[in-house]
1. Could you compute Rg(Cα) / (2.2 N^0.38 Å) for the chain, with N its residue count?
2. For the range 1-57, which chymotrypsin sites (Phe, Trp or Tyr not before Pro) are in a loop by DSSP, counting at most 13 other Cβ atoms within 10 Å?
3. Where is the GNM fluctuation largest for the chain (alpha-carbon springs, 10 angstrom cutoff): 272, 200, 13?
4. For the range 1-128, what is the accessible area per residue in Å², given a 1.4 Å probe and the full set of protein chains?
5. May I ask you to list the trypsin sites (Lys or Arg not before Pro) in the range 126-169 that are in a DSSP loop and have at most 11 other Cβ atoms within 10 Å of their Cβ?
6. Kindly flag which residue pairs out of 80/231; 86/268; 80/136; 229/340; 80/357; 153/357 have an alpha-carbon separation exceeding 31 Å in this structure.
7. Ignoring ligands, DNA and RNA, what percent of the accessible area of the range 272-337 is carbon or sulfur (1.4 Å)?
8. In the Gaussian network model of the chain, springs joining C-alpha atoms below 10 Å, which of 180, 290, 220 carries the largest mean-square fluctuation?
Amino acid sequence: MSKWIEGKLKDLVEVNPTVKLRKGEIYPFVSMDVIQPFYKPVEAKEEREFKSGGAKFENGDTLFARITPCLENGKIAQVKNLKNGKGFGSTEFIVLRGKEGITDTDFVYYLVTNKSFRENAERLMVGTSGRQRVDKQQFEDQIISIPDLETQKRISSILGSIDRKIELNVEMNKTLEEMAMTLYKHWFVDFGPFQDGEFVGSESGVIPNNWKIGQVKDLAKVSSGKRPKIKDIGEYPIFGGGGPMGVTNEYLYNEPIFITGRVGTIGKVFRVSKPCWPSDNSLVLIPLKAYYYSFLYAVLKNIDFSLITGGSTQPLITQTSLKSIKVIIPPEETIEQYNKQVLTYYSLIDKNDNINKQLSEIRDYLLPRLLSGEIDLSQAEKQVEEVL
């Protein structure tokens, strides 16, 4: 039977452990926006010169967002693949690591991801509304209860196998989307299959003879999202310019749409085919014809949004500016043929997303029960093995 230990967090887990970085040298940098809610791994997308500030960490450390609304949105991740093993990032991270002989580093990630731990952290927030942060001293002094080290490793192994499968599916989806984008570039940027035909000049350069220069509005209906009446209750995701940002109890769309930022976060494009609620800081695009779907998505992914971004206090794009972006438009049959070719990729992506949703639900069901000792470990190991 597992032996449980109770004590202050700082006595059982390394909180903001010492990591030595040299001023003036370049290190991997992890910003808050690259952390995906409830997605375990995170990698640095950039490098920066280390001056003195920011959270410092090593591979395997858990980054715990301490500021609202990032904490409530589940921005907790385990950093991996840092060049030379060290890096730094947002000052709004609390860095956590297993304490030698007491806690397993992987287990620490699951411990702080658990809903009850996150909710307690939210209660430890101080500061003015909208800029509240977890109080570091109270955070370190909170009392936690953990099983012995061997049990911790078994728990992190069970949950980790689910997260590895989720990560594998995410990577597979990236590859599938890259394949669709590569085909788009070959056909509609390099005109690879059409080189034997006649070309003519246009305001966007030389294009095949029977193609035209149009606008985004020739491919899609563009409208603004709306502010949801209710937040944090329900099953339908709310999308902002940066992606999912909560849930609500109603949906605004239940058809294939694309969502991009209107104000604040600009430039990301999300493909959504399930009931959802785009918020009022987003724009929604609905293909005018079903077979425009894949072509329109590729067009949007290749737009340089900085060219239409305005706004004095926050980055802003308007419906009008998005609608009027110039697009090279091939004949209808070419768009339809491209859609047929890549639709298989997007079907596989959707299938993997559904599998990941199911796996996440299983992990989230097991997590609190494993941490509380409610579920027998051997039984959980067998159930997860059958699912995977």
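1. Working: Rg = 23.8 Å, N = 388, 2.2 N^0.38 = 21.2 Å.
Normalised Cα radius of gyration, the chain: 1.12.
2. Working: sites: 4, 29, 38, 39, 50, 57; in loops: 4, 38, 39, 50.
The qualifying sites are 4.
3. Ranking 272, 200, 13 by mean-square fluctuation puts 200 first.
4. On the way: 6210 Å² over 128 residues.
Per-residue accessible area for the range 1-128 comes out at 48 Å².
5. On the way: sites: 131, 133, 136, 153, 154, 164, 165; in loops: 131.
Here the sparse-neighbourhood loop sites are 131.
6. Numbers: 80/231 33 Å; 86/268 28 Å; 80/136 24 Å; 229/340 38 Å; 80/357 23 Å; 153/357 25 Å.
Where the Cα-Cα span goes over 31 Å, the pairs concerned are 80/231; 229/340.
7. Numbers: 1500 of 2880 Å².
About 52 percent, which is the carbon plus sulfur part of the accessible surface.
8. Answer for the Gaussian network model of the chain: 290.
The values are calculated or read from the model by the stated rules, or taken from the named source; none is laboratory data. What you see is a predicted model, and the numbers here were worked out from it, not measured in a lab. Glycine also receives a Cβ, built like all others from the backbone with ideal geometry; neighbour counts cover every protein chain displayed. Only protein heavy atoms, including side chains, enter the accessible area calculation; ligands, DNA and RNA are left aside. Shrake-Rupley method; radii C 1.70, N 1.55, O 1.52, S 1.80 Å.
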